[in-house]
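One structure is given here, and the rest of the page talks about it.
The values are calculated or read from the model by the stated rules, or taken from the named source; none is laboratory data. Please read these numbers as outputs of a predicted model, since none were measured by experiment. Cβ: placed from backbone, ideal geometry, glycine included. Neighbour counts: every protein chain shown. To get the accessible areas, we keep the full protein, side chains included, count just its heavy atoms, and leave off ligands, DNA and RNA. Shrake-Rupley method; radii C 1.70, N 1.55, O 1.52, S 1.80 Å.
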Amino acid sequence: MIKIPQDIYNKIIEHSKNDYPLEACGYLVGNNEIVIDIINMTNIDKSNEHFTFDPKEQFQAIKYARQKGANLIAVYHSHPASPARMSKEDIRLANDTSIKYLIYSVSEEKLKCFSIDKEKNVTEEFIEVI
Ligand SMILES: [Zn+2]
């Protein structure tokens with residue numbers, strides 16, 4: 001379960017559409033399951049099939065969250081043309097069992113949330129818009 005304020009939910013979609021046809025990516029800042037802020041990140045791959053964060057921006061993002069007394073509780077990225085589900089590559093790269101992974105499919109216009117365990121089992125998580 002993740003709780004996302006309506007304006008931040010909209011910003012994920014906006015970022016995904018703005019960066020189309022490339023993959024957009026970013027972080028959600030929050031405490032426990034409640035999102036309080038969004039950080040748009042640069043996809044340095046400039047690809048429509050995968051993304052990589054800019055390490056400098058990642059460092060800034062961690063600092064920003066700490067200053068707010070919060071954490072980076074989720075990573076989001078867009079799938080310009082494929083469905084909103086974890087791809088094989090997404091699962092391979094998802095190593096943090098404590099955060100959520102959100103995927104917005106631009107073609108389906110759907111936002112979904114997932115978590116992953118140590119054995120790489122993916123579970124879809126409920127998104128509550130608050
Ligand atoms: Zn993906």
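When the pairs 3/118; 68/120; 63/110; 88/112; 46/100; 68/88 are compared against a 28 Å limit on Cα-Cα distance, 68/120; 63/110; 68/88 fall above it. Per residue, the chain exposes 57 Å² of solvent-accessible protein surface, assessed with a 1.4 angstrom probe and all protein chains in place. Shown here for the stretch 38-130: GluC sites (Glu not before Pro) in loop regions (DSSP other than H, G, I, E, B) with at most 10 other Cβ atoms within 10 Å, namely 119.
Computed over the stretch 2-129, the percent of Cα pairs more than 18 Å apart is 49. Between residue 31 and residue 17, the simple label model (points 7 Å from Cα in the Cβ direction) yields a spacing of 3.3 nm. Rolling a 1.4 angstrom probe over the chain with all protein chains present gives an accessible area of which 49% lies on carbon and sulfur atoms. Looking at the chain, the DSSP beta bridges with both ends there are about 70 percent antiparallel. Per-residue ellipticity at 222 nm, computed for the chain from helices alone with -39500 (n - 2.57) per DSSP H run of at least four residues, works out to -7500 deg cm²/dmol.
Contact order for the chain, expressed relative to its length and based on alpha carbon pairs under 8 Å spaced 6+ residues apart, stands at 27 percent.
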